[in-house]
Protein chains: 2
Amino acid sequence: MPKAAITISDVAKASGVSKSAVSYALNGKPGVSDETRAKVLAVARDMGWKPNSAAKSLSDARTRSVGVVLLVDDADSFGAGMFTMDCLAGLSKALDPREYSIVLRMTAGGAAAACHIHEDWIASGKVDAHLILGVELGDPRLTLFRNHPETKALFISQRAVTSGLPTLYSADDEGARMVVRHLHELGHRDIARIAGPEEYVHTLARDNATADECAKLGMHCTTLHGRYMAEDGERLCGSILEFGQRPTAIICDTDVTAIAAMRAAAARGISVPDDLSIVAWDDSPSCLSATPTVTALHRDVKAIGRTAGDMLLRMIDGETVGAEPEPPYRLIERDSTGPANVA
Amino acid sequence: MPKAAITISDVAKASGVSKSAVSYALNGKPGVSDETRAKVLAVARDMGWKPNSAAKSLSDARTRSVGVVLLVDDADSFGAGMFTMDCLAGLSKALDPREYSIVLRMTAGGAAAACHIHEDWIASGKVDAHLILGVELGDPRLTLFRNHPETKALFISQRAVTSGLPTLYSADDEGARMVVRHLHELGHRDIARIAGPEEYVHTLARDNATADECAKLGMHCTTLHGRYMAEDGERLCGSILEFGQRPTAIICDTDVTAIAAMRAAAARGISVPDDLSIVAWDDSPSCLSATPTVTALHRDVKAIGRTAGDMLLRMIDGETVGAEPEPPYRLIERDSTGPANVA
DNA sequence: CTGAAAGCGCTTACAG
DNA sequence: CTGAAAGCGCTTACAG
């Protein structure tokens, strides 16, 4: 069984034609008679021939792969975990039919380390295109790809951050407005938000949109920032509930903080959703298994990955790609939100 | 900035020597004077030269990448998610210093589809080695790699499944015994287990080891099988609590079912850990945020990935690799287990 | 120590 | 329609 790798020359010999004839036949190009072509194809199949990937890449300058560098944080391997996984699944799905693979690297060295890997890939021609996630303001990867406009690179990011670069931008703005409007309809006028760290650009995007929509609707919103951890959620929720005027609803930027906030409320005898409504920004299975179940902003992460893959393929095909929006959020109403109870 | 890819010939021209001299210099091989070498290195660095990856691969028959095919299940994108992610992170960490990348594909087509991808990779020389996860009994990938002993492939699996093939085998056996002994020390004699689906080989491994250790220690264990879902955990726990002699402890094969089981117990007024101890097989953040916190078997998944990476590199270097154990489980005692309360 | 040459496996103008 | 040739960018014996 384990025959040494068979080449186009072997096929040529076996079918009694020249190497070039084999190449033409195999690639469906003109230059061979139908008869020859059929024979070559049959022989190639029988011998189990596949084009050598390195040789093909060298000769046609295509690697048939897109590069992704993941930033891993030793602490929170959890936060980004599922998003990344689903996103890769979607990407893979888009790439699959074209026989493109993902070349994956992970680094704990942050944006700078990721940037070096991309540089290497550019210089070595390791990938046909780059996908960049988790960009921050002043990220060196922005500069890198601005300086290499000939390199095909797509960012999944906020619109404001990557301006001028091909981007699949998030719908955080719309999401924020959606939540605020939902709470407004339920009669809430005084709300709070347990937001993520201010370093994240999407946090700022949400901050802005939330504030803007609240202003439009005449609502008041207090925003506190913290990490995406249960303890932060509990602590911030405590602050919100104990100081000043208590809001009737809280928006939490993540499922973890939302569930932590519910616990903090329960600990104080505050009932959700009767006394307090809670909305989680990221939907997840834990939103479903919590008591009560948590109303959440849901987005189809696989679809985001798939869209990214499609955009990358278009770039590889030579098309110019600009900024395109990701699929919209959907608000999934569950049991943690209800009419405002203004005591 | 965006200079067209620069090649070894450019460097040769710029430093006034031949291409071969450049190659020797760049690869630290003898054949050039120290002076020439230094000059070439300087020029190459200045020009930002990197070896073209396809050319290098073609010439030395090494792709500097290992291939991984992930089986994605449209339904449960969650279950395997974090394990896979952490495992990849560990793998990447091992591969990084050698400048190896992961070539990643994901498929919803199960083992058969994955098998085809591996076949393609073998024929096209796309990767230097393969890593295979989530193998089941009768998996076509076992046959494929048995028929291709010259291909470097490592399985992360159960020892029994892959016999003869290079394998990083799991410590499920030891894990099971560890939990049983822990419960025995706490005085439990009559226990139950909410296990995973019987299709999974690791389920059987756990079944066997649990039964064996119980027998040794004179303990009784009832085992029920179900999916890794909250509803299954609740249902099975209900069955266990309501029929026959109620056990004093339950081992759940996953964090999800453990937490569901705790809920089922609470719903029946059974207190954890006073009336019933609960152990989760897989540790996770939710074990920490549950009330009470859940005693769990914890394994260092990144270390598993890293070990796999090291083994793969050794295989790539020509070493023969057999079956090696993964790092052992650790039992993390939290608040969901306590002394047996034999009413 | 150094250069010219052949080869890795494929593709693609270029003559027959 | 078909074959011989050159080239993709690198490595590596092989003569000077």
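The values are calculated or read from the model by the stated rules, or taken from the named source; none is laboratory data. As the structure is a computational prediction, the values presented were derived from the model and not from experiment. As a convention, Cβ positions derive from the backbone with ideal geometry for all residues, glycine included, and neighbour counts pool all protein chains shown. Ligands, DNA and RNA are excluded from the accessible area calculation, which covers all protein heavy atoms including side chains. Shrake-Rupley method; radii C 1.70, N 1.55, O 1.52, S 1.80 Å.
Overview of values
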| item | result |
| --- | --- |
| Sequence-distant residues sharing a close amide H with B:Arg334 (under 5 Å, placed H) | B:Thr295, B:Ala296 |
| Max mean-square fluctuation residue, GNM over chain A, Cα-Cα springs under 10 Å, options A:Trp121, A:Trp49, A:Trp281 | A:Trp49 |
| Heavy atoms of B:Phe243: accessible area, 1.4 Å probe, square angstrom to 10 | 140 Å² |
| Other copies of B:Phe243: label-to-label distances in nm, shortest first, labels 7 Å along the beta-carbon direction | 5.6 |
| Fluctuation leader among A:Asn147, A:Asn52, A:Asn27 - chain A, Gaussian network, Cα springs under 10 angstrom | A:Asn27 |
| Gain upon complete extension [B:Ser20, B:Glu198; 0.36 nm per residue less C-alpha separation] | 58.1 nm |
| Accessible heavy-atom area order of B:Tyr169, A:Tyr100, B:Tyr200, A:Tyr24, highest first, probe of 1.4 Å | A:Tyr24, B:Tyr200, B:Tyr169, A:Tyr100 |
| Alpha-carbon centroids, segment B:262-300 and segment B:216-255: separation in whole Å | 13 Å |
| Residues whose placed amide H lies under 5 Å from that of B:His225, excluding near-sequence neighbours | B:Ala195 |
| Distances in nm from B:Glu119 to the matching label points in the other copies, shortest first (labels 7 Å along Cα to Cβ) | 4.4 |
| Relative contact order computed over chain B (Cα-Cα under 8 Å; 6+ residues apart), in percent | 16 percent |
| Surface accessible to a 1.4 Å probe, B:Arg263 within the full protein complex, Å² | 80 Å² |
| For B:Asp139, net neighbour charge (Lys/Arg +1, Asp/Glu -1) across residues whose Cβ lies under 13 Å away | 0 |
| Residue-normalised accessible area of segment A:8-51, expressed per residue, 1.4 Å probe, Å² | 61 Å² |
| Computed label-point distance, nm, for sites B:Glu185 and A:Asn27 using a 7 Å Cα→Cβ extension | 6.7 nm |
| In Å², nearest 10: area of A:Ile278 left accessible to a 1.4 Å probe | 0 Å² |
| In sequence order, calculated HN-Hα J values of segment A:279-287 (Karplus, 6.51, -1.76, 1.60; Hz; x Gly/Pro) | 10, 9, 6, 9, 6, 6, x, 5, 5 |
| Percent carbon-and-sulfur accessible area, the protein assembly as shown, ignoring ligands, DNA and RNA, probe 1.4 Å | 53 percent |
| Drop in accessible area of at least 10 Å² in the complex versus isolated chain, residues of segment B:54-73, 1.4 Å probe | B:Ala54, B:Ala55, B:Ser57, B:Leu58, B:Thr63, B:Val72 |
| Using a 7 Å Cα-to-Cβ projection, A:Asp300 label spacings across copies, nm, ascending | 4.2 |
| Candidate aspartates and glutamates - alpha carbon under 20 Å from A:Lys19, same-chain residues fewer than 8 apart omitted | A:Asp10, A:Asp34, A:Glu35, A:Asp46, A:Asp60 |
| Net +/- balance of residues flanking B:Pro51 in space, Cβ distance below 12 Å, scoring K and R +1, D and E -1 | +2 |
| Cross-link pairs beyond the 32 Å C-alpha cut-off, checked among A:Lys56/A:Lys93; A:Lys93/B:Lys29; A:Lys13/B:Lys152 | A:Lys93/B:Lys29 |
| Sum of side-chain charges, B:Ala111 neighbourhood, beta-carbon under 11 Å (Lys, Arg +1; Asp, Glu -1) | -1 |
| Contact surface A-B: accessible area buried, both sides summed, square angstrom, 1.4 angstrom probe | 4300 Å² |
| Folded to 0 to 90 degrees: helix B:172-185 orientation relative to chain B principal axis, Cα | 30 degrees |
| Rg over Rh [alpha-carbon atoms, Kirkwood Rh] for chain B | 1.14 |
| Nearest-ten-degree value, helix A:81-95 long axis tilted from longest Cα axis of chain A | 40 degrees |
| Average accessible area per residue (Å²) across segment B:65-166 - probe 1.4 Å, nucleic acids and ligands excluded | 36 Å² |
| Residue-averaged [θ]222 nm for the protein assembly as shown, counting only DSSP H segments that reach four residues, each worth -39500 (n - 2.57) | -14000 deg cm²/dmol |
| Under the Karplus curve 6.51 cos²θ - 1.76 cosθ + 1.60, θ = phi - 60°, whole-Hz ³J(HN,Hα) for segment A:121-133, x wherever Gly or Pro sits | 4, 5, 5, 9, x, 5, 9, 7, 7, 10, 10, 10, 10 |
| Computed magnitude of the charge dipole of the protein assembly as shown (debye, nearest 20; Cβ of K, R +1, Cβ of D, E -1) | 2540 debye |
| Tilt relative to chain A, helix A:201-217 - C-alpha long axis, 0 to 90 degrees, to 10 | 50 degrees |
| Extension reserve of the B:Arg314-B:Phe243 stretch, reckoned as 0.36 nm per residue once the Cα distance is removed | 20.3 nm |
| Most mobile of A:Val72, A:Val179, A:Val43 in a GNM of chain A (Cα contacts under 10 Å) | A:Val43 |
| ³J(HN,Hα) computed for each position of segment A:254-269 - Karplus, 6.51 cos²θ - 1.76 cosθ + 1.60, integer Hz, glycine/proline x | 8, 5, 4, 5, 5, 5, 5, 5, 4, 5, 4, 5, 4, 4, 9, x |
| Amide hydrogen neighbours beyond the local backbone of B:Phe155, cut-off 5 Å, H modeled | B:Ile132, B:Thr167, B:Leu168 |
